[in-house]
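Here is the structure we will look at.
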Amino acid sequence: MERDFEDIDRILNFAAEAGRNMLKCGGEIYRVEDTIQRLCMAFGIDNAEVFATPTTLLLSVYKNKKVYSVVKRINERSTDLNMMKNINALSRNIAYEKLSIDECEERLEQICKKESYSYTITILGAGLVTSCFSILFGGGEIDFIMSFLVGMVTKILQEYLSEKNLNEFFVNIICAAFIAMSSVVCVEGGVLKTMDYIIAGVIMLLVPGFALTNAIRDILDGQLVAGTAKLSEVIFSGTATAVGMALVLNWYLRGGFF
């Protein structure tokens, strides 16, 4: 499709912004690069060069004896599969619907503004997931109920600390320590006979399974820089969770932190 290249800067900025939002949603590197290239090709730019990492996105095009480039910085990351799916769908629909750059920018803005789930649904979902995991690991009815309650409070704490822009490493330490302390209180209060099931269930909120999957997939796809960076993030996240859990359990079981 032939497009007017007078708006090439807008096209590149639009494509890069779409890729940046996909990275913020936890998208795989190969998917982000493929989406950006599809967006550029939809506007007649078939030689776009994209380099993406979990924290940086570079897009460059050589056209009319000039080099056009844009750099985007990714300062925060989360998991939003619905937004990632919608942006990916937009990249495939542009060519079919022959959308203008104005319409594309408007649709992208609408996608990014739309919230997938409300705060209440997110908290209740966290409680339900953790309680189901406690049953999966062999817990009973009481474990289900306590995991549901502790899971919701842990998610509230996690969201609160994230809003305060606290580093994810320390967020995981604090949340893991809270999970362990809640488990100790339940056992000492006679509510539970063992803390194994509640810990195993609620700790799943802090397990970076999605990030680990993406890291391995990127490495296997040849994205060594991005894959290694994500794998390092997973290791630090897991280490933080282990540290927070160990501090409380070591204090409880041995009477001291060390």
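Odds and ends about this structure:
- Remark: the stretch 12-155 carries 53 Å² of accessible area per residue (probe radius 1.4 Å; ligands, DNA and RNA excluded).
- Packing-based ranking, highest mean first, of 214-220, 21-27, 68-74 given that Cβ atoms within 10 Å are counted: 21-27, 214-220, 68-74
- Net charge, Tyr30 excluded, C-beta distance under 10 Å - Lys, Arg +1, Asp, Glu -1: -3
- Environment charge at Gly222 (Cβ cut-off 15 Å; Lys +1, Arg +1, Asp -1, Glu -1): -2
- Euclidean distance between Cα centres, the stretch 58-83 to the stretch 192-237, Å: 26 Å
- Per-residue HN-Hα couplings for the stretch 198-210 [Karplus 6.51, -1.76, 1.60; θ = phi - 60°; Hz; x = Gly/Pro]: 5, 5, 4, x, 6, 5, 5, 5, 9, 6, x, x, 5
- Cα-only Debye scattering, the chain: base-10 log of I(q)/I(0) at q = 0.09 Å⁻¹: -0.51
- The aspartates and glutamates whose alpha-carbon is closer than 17 Å to the alpha-carbon of Lys72, local same-chain residues fewer than 8 away aside, are Asp9, Glu17, Glu28, Glu33, Asp34, Glu49, Glu105, Glu109.
- Heavy-atom accessible area ranking, 1.4 Å probe, most first, across Glu105, Glu76: Glu76, Glu105
- Accessible surface comparison of Cys132, Cys40, Cys112, probe 1.4 Å, protein chains only, largest first: the order is Cys132, Cys112, Cys40.
- For Ser78, solvent-accessible area (1.4 Å; no DNA, RNA or ligand), Å²: 70 Å²
- Rounded percent of accessible protein surface that carbon and sulfur make up, the stretch 12-160, 1.4 Å probe: 55 percent
- Cβ-Cβ FRET estimate between Val225 and Tyr252, R0 fixed at 41 Å, reported to 0.05: 0.50
- Rg and Dmax of the stretch 150-258, both derived from C-alpha coordinates alone, stand at 15.8, 52 Å.
- Selected from Trp251, Phe133, Val225, residue furthest toward positive end of dipole (the chain; charges at beta carbon): Trp251
- Highest average first, the peptides 169-181, 222-234 ordered by how many other beta carbon atoms sit within 10 Å of their residues are 169-181, 222-234.
- Theoretical FRET efficiency, 1/(1+(r/R0)^6), r = Cβ-Cβ of Val191 and Thr120, R0 30 Å, to 0.05: 0.70
- Start at zero, step by 10 Å, and the Cα-Cα distances of the stretch 138-180 spread as 28, 46, 20, 6 percent across the bins.
The values are calculated or read from the model by the stated rules, or taken from the named source; none is laboratory data. Nothing here was measured: the structure is a model prediction, and the numbers come from that model. Note: ideal-geometry Cβ built from the backbone for every residue, glycine included; neighbour counts use all protein chains shown. All accessible areas refer to the heavy atoms of the entire protein, side chains included, with ligands and DNA or RNA removed. Shrake-Rupley method; radii C 1.70, N 1.55, O 1.52, S 1.80 Å.
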